[in-house]
Amino acid sequence: MWGWAIIVAGTIGCVAMLVSYATRPVPTVEAAPLTPPKEATSLTIAFLGDSYTAGTERIPKADLYPAQTLTEELACATASLHGEGGTGYTNPGDGRGVFATRVTDVVADKPHVVIVQGSINDGDPAATRRAAGSLLTQLRSELPQATIVALGPIDTPRLGAGGVQPVSAAIESAARSVGVTFISPIGWLSPQDYLADRTHPTPQGHAILGAQLRTQLARLGVDCD
């Protein structure tokens, strides 16, 4: 009799324990908020220049230095091209207009970065300095948040470093006077990086220009992060 009583009591105790565990509130664990993946920043980079920016029939636009600049760490960027062959700060070419005539179009694109390239088409250092100073001042005024870079003329085999240095120095002086970064591409290319005209780069030459410029822009903090 006592044995049955003990068994019954033990069974009741186990059932009570199970009921106690079953009814005990289950602790809740709050999930950490999901962090959305970081999206690459979209950049618009405007290129204002001469035939190096516009291209020629012999060089596809995909091979020009602007397209070659916007690769690797700048692959997120979009280029807006404002180039006309034969033009410069002071040289209107064959009626296509000096660089300043395209500033309104550049500003309309609302770029984050502006590259003003050239130009080997400019010849008078004093006139080039005045024109460059005016153009760069306008860009700085109308695009106060943009990074503006003056990329000077390059030493082509036809002109050599001596042939472009006076104009390059004039553009550098104008850029510094308005707080714009000046980059000189003198020495970036070798004679074999040019076409037979000894003036325009080959696709390989444009690739080198793009890689060099991309490195310089990275030093200015221009990237897709």
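For Thr181, the residues whose amide H sits under 5 Å from its own are Ile148, Ala150, ignoring neighbours fewer than 5 places away on the same chain, with H placed 1.01 Å from N.
Take the stretch 136-225 with all the other protein chains still there, run a 1.4 Å probe, and you get 43 Å² of accessible area per residue. Each of Leu195 and Leu159 was given a label point 7 Å from its Cα along the Cα-to-Cβ line. The distance between the two points is 1.7 nm.
Here the accessible area is traced with a 1.4 Å probe on the protein chains. For the stretch 137-225, carbon and sulfur cover 48 percent of it. With protein chains left intact and a 1.4 Å probe, residues in the stretch 49-125 average 42 Å² of accessible area per residue.
Packing-based ranking of 115-128, 92-105 yields 115-128, 92-105, ordered from highest to lowest mean Cβ neighbour count within 10 Å. The candidates Lys61, Lys110, arranged from most to least accessible area with a 1.4 Å probe in the full protein assembly, appear as Lys110, Lys61.
Neighbours of Ser168, meaning other residues whose beta-carbon lies under 10 angstrom from its beta-carbon, give a summed charge of -3 when Lys and Arg score +1 and Asp and Glu score -1.
The values are calculated or read from the model by the stated rules, or taken from the named source; none is laboratory data. These numbers were taken from a predicted model, which means no experiment stands behind them. Backbone-built Cβ (ideal geometry, glycine too); neighbour counts: all protein chains shown. SASA here: full protein model, heavy atoms, side chains in, ligands and nucleic acids out. Shrake-Rupley method; radii C 1.70, N 1.55, O 1.52, S 1.80 Å.
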